[in-house]
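The values are calculated or read from the model by the stated rules, or taken from the named source; none is laboratory data. In this text, all values refer to a predicted model and were calculated from it rather than measured experimentally. All Cβ positions, even for glycine, are placed from backbone atoms using ideal geometry, and neighbour counts span all protein chains on display. Side chains are part of the model used for accessible areas, which takes the heavy atoms of the whole protein and leaves out ligands, DNA and RNA. Shrake-Rupley method; radii C 1.70, N 1.55, O 1.52, S 1.80 Å.
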Protein chains: 2
Amino acid sequence: VENSQHAAVTEIIAFAAELADEARKHSSAYFRNVMEFERKADESPVTIADKAIEGAMRALIEERYPDHGIFGEETGFTAGDGGLWVLDPIDGTKSFLTGMPLYGTLIAYLESSAPLVGVIEMPALAERWIGSPSGTTFNGRVSRTSTCRSVAEARVYTSSPDFFPSPDDWQRFDRLSRMAALRRFGGDCYQYALLASGYCDLVIEASLLPYDFLALVPVVENAGGVITDWGGSPLTVNSGEHVIAAATPWLHEQALRLLG
Amino acid sequence: VENSQHAAVTEIIAFAAELADEARKHSSAYFRNVMEFERKADESPVTIADKAIEGAMRALIEERYPDHGIFGEETGFTAGDGGLWVLDPIDGTKSFLTGMPLYGTLIAYLESSAPLVGVIEMPALAERWIGSPSGTTFNGRVSRTSTCRSVAEARVYTSSPDFFPSPDDWQRFDRLSRMAALRRFGGDCYQYALLASGYCDLVIEASLLPYDFLALVPVVENAGGVITDWGGSPLTVNSGEHVIAAATPWLHEQALRLLG
């Protein structure tokens, strides 16, 4: 059973990489060619590219795994009997809309509601992180978090002060991050990829949705890191919008304490 | 006289590109290999790479133009009789120290205290903007700002709320940028490169030093944009730390009014 399970995961990883190839192809055709944009009700700008990329990935999944479920940012939820694919075609739409190469495509594969395989695909940078029970890779090479154990030594990231809708949440983040070795703003999903490769140590955000964070879980955890909500609970499809990722369990524990 | 002046500028542009090649070579050797960092008194992290890159550029200038002056972030000012080279080996040190490919090298060439040629070199992205009286290029192709005329339609960038030491300055920026189509944090010199290529429309910062902003002037102005201090005055070696760059004169004027 273990061997067949392992074989299945290998197959899923290879297919997730095919999905990322497809996303890279489509988004590269739009990036820096889209000068117009509209606003969604939630103020996040969205482009034609978003829909094209998700549609292309969805078509590949439906062909290959017709019994699987799909949950996409643009096209919503389609129930299935097998695994569940969670897709965010363009994470970092503000980057995408300003020619900034930090947008990514997020692909998560869940079994029994737990994220098993995750992909952070960075089309404009030609960089890809894949996390699975076999480990985390960055462009095919083993990727590990740093050994940072304390906030005082940590390099901290968050996307934007604008993504802390609650002033109290902002104050908690602000206080903690001012104790750190450095803090930098701007990065969306790429921050977690940097963490999985040991380039930063702590990422804290307060307004992520399931399609934003589920793919991050296998990438961070299988690189040696810890990623949970602000209460320390595992991230699931039902988690709230608060995410904290740390390079080590010690750093995670200290950061949770300082946040709370 | 006009022809000989033009020939001289062409020579300066070619030499500035050589300096950028040198910077790219050195910084690529350090990027993502530097895991340790120290803090300077001003809290900006600095690396061995900073000094290596500036030293290499300085050596090339001293060999080629022994009568020129040099002002570098790391090694300070060396007086000369001819033109003046202003160098920032690594702009965006927080990016550099966190594996984020948004750090750049800035090279400005001034005659009679006016910035004539500017280079924004992005080593990890293999992207380079060169601005001169001949125009602005992005990897060798003509680069132009957008046609955006109003703040309401503008895509606004700034590096970080942490780079507004005065609460009043932050409030002025905050108020203005909330009227814009979108605002995004994080980018340092790259923001001005994006503006010069029409990908964003307005960049506003409050803590830049001459080696941070002098190279930006020829890049932005020769792409069709306007770059000044917050009072609308041209940027010189004696300017203060407030910089505003806009895609068009109309946008610049409106933004100055809203800031003030």
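List of remarks:
- Which numbered condition A:G131 misses (of (1) under 26 Å from A:A20 (Cα atoms); (2) more than 12 Å from chain B (Cβ to nearest Cβ); (3) open to solvent by 40 Å² or more (accessible area, probe 1.4 Å)): (3)
- When restricted to residues that are within 18 Å of A:L208 (Cα to Cα) and within 13 Å of chain B (Cβ to nearest Cβ), the range A:88-111 contains 7.
- Close pairs from the range A:236-260: first without any contact (Cβ under 8 Å) to a residue 24 or more places away in the chain, partner open to solvent by 70 Å² or more (accessible area, probe 1.4 Å) and in a loop (DSSP other than H, G, I, E, B), Cβ under 8 Å, at least 6 apart: none
- Cβ-Cβ under 6 Å pairs, at least 6 apart or on other chains, the range A:179-196 side under 15 Å from B:L102 (Cα atoms), far side open to solvent by 20 Å² or more (accessible area, probe 1.4 Å) and of a type outside the set (A, V, I, L, M, F, W, C): A:R184/B:K94
- Cβ-Cβ under 9 Å pairs, at least 6 apart or on other chains, the range B:219-230 side under 10 Å from B:A246 (Cβ atoms), far side modelled with pLDDT under 95 and surrounded by fewer than 23 Cβ atoms within 10 Å (Cβ to Cβ): B:T228/B:S239
- Here the condition is being more than 16 Å from the chain's Cα centre (by Cα), of a type in the set (A, V, I, L, M, F, W, C) and under 19 Å from B:I90 (Cβ atoms); of B:A193, B:A126, it holds for B:A126 alone.
- Flag if A:P115 is touching a Lys or Arg at 6+ places or on another chain (Cβ under 8 Å) and either basic (K, R) or modelled with pLDDT of 95 or more (or both): no
- There is no residue in the range B:221-235 that is over 15 Å from the mean Cα position of the chain (by Cα), within 14 Å of chain A (Cβ to nearest Cβ) and more than 16 Å from B:D169 (Cβ to Cβ).
- Residue ID - modelled with the lowest pLDDT, chosen from residues in the range B:160-197 that are facing another protein chain (nearest Cβ under 8 Å) and either open to solvent by 40 Å² or more (accessible area, probe 1.4 Å) or within 16 Å of B:L216 (Cβ to Cβ) (or both): B:G187
- Among the residues making up the range A:112-124, those that are farther than 22 Å from A:L202 by Cα and within 14 Å of chain B (Cβ to nearest Cβ) are A:P123, A:A124.
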